[in-house]
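A.B. asks: Sharing a structure, written as structure tokens. Questions coming.
The values are calculated or read from the model by the stated rules, or taken from the named source; none is laboratory data. It should be emphasised that the depicted structure is a prediction, and the values quoted were computed from it without experimental measurement. Reconstructed Cβ throughout: ideal geometry from the backbone, glycine too, with neighbour counts over all protein chains shown.
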Amino acid sequence: MSVEHVQVGKQRVDGLVAGWVDATPSAEAVVCGVERITYGELGRLVDTEADRLRRAGLGDGGLAAVVLDRPVAALVAMLGVLRAGGAYLPLDPTVPQEELRRALADADPTVVLTRELYRVAVEDRPHRRVVCVDAEAGSAGEDGARPHADDAQDVPAARGATACVLLTAGTTGPPGLVPVGHHDLVTARNAWEQVYGSDAHDRHVHTAPPESAGFTAGWVGALGSGGTLILPDGDEHHDPAARGAALRRLIADEEATVLACGVPTARLLTAQEPPRTTRLRLVTVTGDTWYLDEQRALKDRLGGDVRVVNAYTVTEAFGAGARFELPETRQPSESGGEPVSLIGVPLPGTYLTVRGSAPGERGPIVLNGVDTGDDGRIRDDGLLEFLGRRQGAYAAAERALHGHPDVREGLVAEVETEPSRDVKVVAYAVPVEGRELDPVDVHRHVCRTVPRDAQPHAVVSVRSLPRTRADKVDRRNLPLPVGAGPVLGGKGGTAGPASPEMPAGCAVAGILVLVALFALLAWVFTDLLWPYSTDLSDVPAPYADRFRFLYFCENVAFGAGVAFLLVGRPGMARVGHSGWFTTAAHLSVVWLLAAWWPQDNSYRLTAKTDWPAQAVLVYAFNVSLMIAAVVVAAFVAVTPKWRRRLGR
């Protein structure tokens with residue numbers, strides 16, 4: 001992938017940082033653990049990285065992938081790519097290797113910046129240059145890249161219009177690549193400065209990992225305004241309480257004035273005591289759905305002088321966004337009723353609309369012409385209310401979960417249960433700290449407030465939801481309910497112990513026994529029900545043998561139909577259609593298999609000129625078989641409603 005070019009002289013986001021390097025070289029630019037870097041030192045590090053990238057072959061408008069987990073190294077690499085005239089693609093080095101290589105193959109970067117630890121994962125193309133930022137000088141070329149015969153020599157700094165290429169989260173489909181221009185980043189920085197009043201005295205804490213869009217937003221907002229960017233030191237705290245305590249210490253020790261974090265982090269801060277002394281003046285929260293009562297709770301916890309903002313954007317429209325800042329006085333929406341999430345009004349320079357709906361009605365949210373995939377509505381007071389993902393079938397159920405007093409956060413998802421391998425809807429609920437959660441009571445609460453087709457089959461209490469490094473819910477690692485198969489047979493209940501699953505070989509053998517048994521019964525009853533219908537005494541060879549094989553197939557088909565009647569429905573139910581549709585399709589398959597035995601035997605004994613009998617047989621068998629075939633075809637071709645909503 002290559003980037004476009006713009007005329008020299010247009011404002012670039014790395015130029016904003018370079019301006020502060022020249023103006024305030026001794027001011028603190030980056031803090032991460034014990035590492036403290038001034039603007040002057042940052043400028044020298046960026047220049048060194050840019051020189052190394054040029055020698056590695058990053059030319060005018062080239063794309064460089066930044067596959068680093070250490071935030072300071074990633075920041076220097078990103079700024080170095082921009083200084084060299086290219087665009088950067090941040091990727092998570094800890095994802096499965098096949099996912100990382102798929103993203104690299106889609107983007108096809110010229111250079112990859114990484115650590116020696118991840119070299120094997122990214123070095124899968126012979127033409128791709130790999131630069132290891134932690135390689136010792138001289139071990140693999142001066143820059144840590146393996147030498148190539150066609151190394152570029154001192155490529156002059158380019159002026160690419162594209163600053164970075166971001167990878168979407170892939171929550172509703174395969175991850176995609178989104179180019180973001182210098183103009184977008186500079187416009188976003190100006191909007192943030194205008195709305196939030198950021199300046200060179202601010203000290204910004206940002207919790208997003210390097211591969212996320214939030215990390216790019218963080219350094220642009222902080223360093224583009226001459227402030228100090230404070231990054232977590234990278235030590236992973238798997239215990240939420242420890243993570244929250246570490247963040248509180250960081251805010252207090254570094255005298256932070258601005259905090260940008262995700263919804264899970266905001267919930268941690270709400271649940272714990274705030275720092276005793278803090279200069280915090282602004283908290284912006286983005287990511288998951290954040291409800292108005294949660295926003296108020298965090299503001300009350302931090303104190304009335306702290307501005308608490310629910311910030312909304314999507315990667316596909318990076319730089320554009322909306323925000324809702326909680327006022328001092330309580331809103332009518334905060335008391336009683338269904339939980340509400342407000343994302344307020346657009347940022348300066350953002351065109352925001354709810355497309356294709358009447359005022360006050362639900363519709364797609366559009367930012368600067370980009371369909372976000374989310375739904376919302378414009379309220380009578382002019383504020384935008386967030387209503388969830390358009391393809392999320394269970395947004396109402398998740399709002400109902402949040403409305404239960406014992407639930408801190410929740411998620412509704414489809415799971416494939418055992419042993420029936422049926423698809424069920426499960427609500428995962430995280431209890432409020434210090435409270436016991438009754439899944440049955442939570443389930444009743446949800447079912448009272450949402451339509452039947454959006455109700456979960458069960459509620460599962462979990463300590464916390466699994467999350468990615470970017471604080472997004474990791475749906476692939478949701479815990480499976482124990483014994484969901486027998487327990488979740490109907491709408492309601494909790495997960496319990498599973499019954500033993502029959503081995504696949506035994507199940508197949510049992511089905512074959514059923515087919516053979518009912519085929520034998522069909523053969524026995526043929527002469528009793530239709531005497532002489534299979535008499536072949538007057539049929540010459542070899543046609544008699546061919547007819548005998550036909551009669552054998554009819555008996556086996558009848559046996560298979562009856563066996564499918566007895567054991568086939570659970571397998572069809574896992575497709576996810578409604579109960580009546582599944583039953584109709586199940587009986588249609590049974591009829592398509594079993595009808596040949598009575599049909600052919602009846603036809604063979606009915607005179608061709610017995611028109612009343614012929615008409616009865618045609619409508620009883622031929623027409624009904626056509627109808628059955630249409631039902632089965634529709635069952636296979638039509639996507640279930642909840643799978644359509646989830647984009648499957």
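A.B. asks: Based on this model, can you work out whether residue 508 counts as at pLDDT below 85 and either surrounded by fewer than 20 Cβ atoms within 10 Å (Cβ to Cβ) or in contact with a Leu (Cβ under 9 Å, 6 or more places away or on another chain) (or both)?
C.D. replies: Values: at pLDDT below 85: yes; either surrounded by fewer than 20 Cβ atoms within 10 Å (Cβ to Cβ) or in contact with a Leu (Cβ under 9 Å, 6 or more places away or on another chain) (or both): yes.
Against the criterion (at pLDDT below 85 and either surrounded by fewer than 20 Cβ atoms within 10 Å (Cβ to Cβ) or in contact with a Leu (Cβ under 9 Å, 6 or more places away or on another chain) (or both)), residue 508 qualifies.
A.B. asks: Further, regarding this structure: Only one residue in 140, 157, 135, 149 is in a loop (DSSP other than H, G, I, E, B), closer than 27 Å to residue 13 by Cβ and modelled with pLDDT under 90. Which one?
C.D. replies: Details: 140 fails: closer than 27 Å to residue 13 by Cβ; 135 fails: closer than 27 Å to residue 13 by Cβ; 149 fails: closer than 27 Å to residue 13 by Cβ.
After applying the criteria, what remains is 157.
A.B. asks: Moving on. Do the conditions hold for residue 516, that is, is it at pLDDT 80 or above and over 30 Å from residue 288 (Cβ atoms)?
C.D. replies: Numbers: at pLDDT 80 or above: yes; over 30 Å from residue 288 (Cβ atoms): yes.
So residue 516 passes the test.
A.B. asks: Have a look at 338, 328 and point out the one that is at pLDDT below 90, over 26 Å from the mean Cα position of the chain (by Cα) and either part of a loop (DSSP other than H, G, I, E, B) or surrounded by 19 or more Cβ atoms within 10 Å (Cβ to Cβ) (or both).
C.D. replies: Values: 338 fails: over 26 Å from the mean Cα position of the chain (by Cα).
Of 338, 328, the one residue that is at pLDDT below 90, over 26 Å from the mean Cα position of the chain (by Cα) and either part of a loop (DSSP other than H, G, I, E, B) or surrounded by 19 or more Cβ atoms within 10 Å (Cβ to Cβ) (or both) is 328.
A.B. asks: Test of understanding: among 596, 530, 580, 591, which residue is closer than 26 Å to residue 627 by Cβ, without any contact (Cβ under 8 Å) to a residue 24 or more places away in the chain and among the hydrophobic types (A, V, I, L, M, F, W, C)? First the steps, then the outcome.
C.D. replies: Working: 596 fails: without any contact (Cβ under 8 Å) to a residue 24 or more places away in the chain; 530 fails: without any contact (Cβ under 8 Å) to a residue 24 or more places away in the chain; 591 fails: without any contact (Cβ under 8 Å) to a residue 24 or more places away in the chain.
Just a single option satisfies the conditions, and that option is 580.
A.B. asks: If we keep just the residues of segment 608-648 that are within 30 Å of residue 175 (Cα to Cα) and small (Gly, Ala, Ser), which is modelled with the highest pLDDT? Break it down stepwise before answering.
C.D. replies: Our first condition is that a residue be within 30 Å of residue 175 (Cα to Cα); within segment 608-648, this holds for 635-648.
Checking which are small (Gly, Ala, Ser) leaves us with 637, 647.
Details: 637: 87, 647: 38.
Among those that are within 30 Å of residue 175 (Cα to Cα) and small (Gly, Ala, Ser), it is 637.
Table: residues versus (1) modelled with pLDDT of 85 or more; (2) buried (at least 18 other Cβ atoms within 10 Å of the Cβ); (3) not in a strand (DSSP E or B).
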| residue | (1), (2), (3) |
| --- | --- |
| 371 | yes, no, no |
| 375 | yes, yes, no |
| 382 | yes, no, yes |
| 385 | yes, yes, no |
| 388 | no, yes, no |
| 392 | no, yes, yes |
| 398 | no, yes, yes |
| 404 | yes, yes, yes |
| 412 | yes, yes, no |
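A.B. asks: Sticking with this one: Report yes if residue 432 is buried (at least 18 other Cβ atoms within 10 Å of the Cβ) and either modelled with pLDDT of 80 or more or at positive phi (or both), otherwise no. Explain how you work it out, then say what you get.
C.D. replies: Numbers: buried (at least 18 other Cβ atoms within 10 Å of the Cβ): no; either modelled with pLDDT of 80 or more or at positive phi (or both): yes.
Considered against the rule, which asks whether it is buried (at least 18 other Cβ atoms within 10 Å of the Cβ) and either modelled with pLDDT of 80 or more or at positive phi (or both), residue 432 comes out as no.
A.B. asks: Consider residue 274 against the criteria (1) crowded, with 21+ Cβ neighbours inside 10 Å; (2) free of Cβ contacts under 8 Å to residues at least 60 places away in the same chain; (3) touching a Leu at 6+ places or on another chain (Cβ under 8 Å): it satisfies all of them except one. Which criterion is unmet?
C.D. replies: (1)
A.B. asks: With the condition kept exactly as written, say whether any residue in segment 175-184 is β-branched (Val, Ile, Thr), in contact with a helix residue (DSSP H, G or I) (Cβ under 7 Å, 6 or more places away or on another chain), at pLDDT 80 or above and under 22 Å from residue 70 (Cβ atoms).
C.D. replies: Going residue by residue through segment 175-184, those that are β-branched (Val, Ile, Thr) are 178, 180.
If we keep only those that are in contact with a helix residue (DSSP H, G or I) (Cβ under 7 Å, 6 or more places away or on another chain) too, we end up with 178.
Narrowing the set further to residues that are at pLDDT 80 or above leaves 178.
In the following step, the residues that additionally are under 22 Å from residue 70 (Cβ atoms) were identified as none.
The answer is no, given that none of the residues of segment 175-184 is β-branched (Val, Ile, Thr), in contact with a helix residue (DSSP H, G or I) (Cβ under 7 Å, 6 or more places away or on another chain), at pLDDT 80 or above and under 22 Å from residue 70 (Cβ atoms).
A.B. asks: Then there's this: With respect to the numbered conditions (1) in a helix (DSSP H, G or I); (2) buried (at least 24 other Cβ atoms within 10 Å of the Cβ), which one is the sole condition not fulfilled by residue 230?
C.D. replies: Here residue 230 meets the rest and fails (1).
A.B. asks: Do any residues in segment 96-119 that are farther than 15 Å from residue 178 by Cα and surrounded by fewer than 14 Cβ atoms within 10 Å (Cβ to Cβ) have Cβ atoms under 8 Å from those of residues that are at pLDDT below 90 and hydrophobic (A, V, I, L, M, F, W, C), where the two are at least six apart or on different chains, and which pairs are they?
C.D. replies: Close Cβ pairs (under 8 Å, with a partner that is at pLDDT below 90 and hydrophobic (A, V, I, L, M, F, W, C)) amount to 97/121.
A.B. asks: Could you check segment 54-80 and list, in sequence order, the residues that are touching a Leu at 6+ places or on another chain (Cβ under 8 Å) and not β-branched (Val, Ile, Thr)?
C.D. replies: If we filter segment 54-80 for residues that are touching a Leu at 6+ places or on another chain (Cβ under 8 Å), which is where we start, we get 63-68, 71-72, 74-77, 79-80.
Within segment 54-80, 63, 64, 65, 68, 71, 74, 75, 77, 79, 80 meet the criteria.
A.B. asks: All but one of (1) in a helix (DSSP H, G or I); (2) modelled with pLDDT under 90; (3) of a type in the set (A, V, I, L, M, F, W, C) hold for residue 290; state the number of the condition that does not hold.
C.D. replies: Result: residue 290 fails condition (1) only.
A.B. asks: Picking from 528, 592, which residue would you name as being surrounded by fewer than 18 Cβ atoms within 10 Å (Cβ to Cβ) and not assigned by TED's automatic domain parsing to the domain that holds residue 424?
C.D. replies: Numbers: 592 fails: surrounded by fewer than 18 Cβ atoms within 10 Å (Cβ to Cβ).
Residue meeting the stated conditions: 528.
A.B. asks: For residues in segment 468-487 being surrounded by fewer than 16 Cβ atoms within 10 Å (Cβ to Cβ) and not in a loop (DSSP other than H, G, I, E, B), which is modelled with the lowest pLDDT? First the steps, then the outcome.
C.D. replies: Within segment 468-487, the first condition is being surrounded by fewer than 16 Cβ atoms within 10 Å (Cβ to Cβ), and the residues that meet it are 474-477, 479-480, 482, 486.
Those left that are additionally not in a loop (DSSP other than H, G, I, E, B): 475-477, 486.
Numbers: 475: 75, 476: 75, 477: 78, 486: 34.
So, considering only residues that are surrounded by fewer than 16 Cβ atoms within 10 Å (Cβ to Cβ) and not in a loop (DSSP other than H, G, I, E, B), the one modelled with the lowest pLDDT is 486.
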